[in-house]
Amino acid sequence: RRGDVDGGDEADRPARSSIYLTNLPTDGSTTERSLRELFGSYGRLDRITMYRHRSTGEYKGDGLIVFGRESVEEYEKKRGADSNGGDVVETDLRGKDDDLVGVVCSQMNGAELPCGTVIGVEPADMNYKNKSTGQHENANTSAAFGNHPQNEPNPCDAS
């Protein structure tokens, strides 16, 4: 599957390159550097954003990772070689979301950070900005990824 843009020929759509993260620790124990180490093995990262509240500057617990265009294109070439009989290591990862973003999400969704918090990883869509401002809340995300209610401490948050 390529691109999240409606309309036009599928070959004209840009490949997905962005991943939305949820349930990141809000105490600063997870940094852009640690996210780069975690996701950088999949390819060059153009941008890592950990969202903050405008008024307080505190982390919100979600973020965005954008892979470099070269990384996405490289993966597409490898996938194309695989479908044409070439040798590619990731042949068992094919499926409906077998582009770079789909593979990363399927492997990293539910990953546990060193502090024990389980993060949510999903392809970013046009609504990711609404998600980060709290305008779009998915009830399943809170339950599935162990978001901690306000009155319960997050094990990654410093006491």
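The values are calculated or read from the model by the stated rules, or taken from the named source; none is laboratory data. What you see is a predicted model; the values in this text were computed from it and never measured. Cβ atoms come from the backbone with ideal geometry, glycine included; neighbour counts cover every protein chain shown. Only protein heavy atoms, including side chains, enter the accessible area calculation; ligands, DNA and RNA are left aside. Shrake-Rupley method; radii C 1.70, N 1.55, O 1.52, S 1.80 Å.
Determine, yes or no, whether residue 126 is modelled with pLDDT of 50 or more, exposed (fewer than 14 other Cβ atoms within 10 Å of the Cβ) and touching an Asp or Glu at 6+ places or on another chain (Cβ under 8 Å). So that I can check it myself, show each step before the final result.
Values: modelled with pLDDT of 50 or more: yes; exposed (fewer than 14 other Cβ atoms within 10 Å of the Cβ): yes; touching an Asp or Glu at 6+ places or on another chain (Cβ under 8 Å): yes.
Against the criterion (modelled with pLDDT of 50 or more, exposed (fewer than 14 other Cβ atoms within 10 Å of the Cβ) and touching an Asp or Glu at 6+ places or on another chain (Cβ under 8 Å)), residue 126 qualifies.
Please tell me if residue 15 is assigned to a helix (DSSP H, G or I), at pLDDT below 90 and small (Gly, Ala, Ser). Quick ask: steps written out before the conclusion?
Values: assigned to a helix (DSSP H, G or I): no; at pLDDT below 90: yes; small (Gly, Ala, Ser): yes.
The answer is no for residue 15.
State which residue is farthest from residue 120 (Cα to Cα) when the search covers only region 61-100 and only residues that are open to solvent by 70 Å² or more (accessible area, probe 1.4 Å) and modelled with pLDDT of 55 or more.
Step by step, filter region 61-100, then rank; the result is 84.
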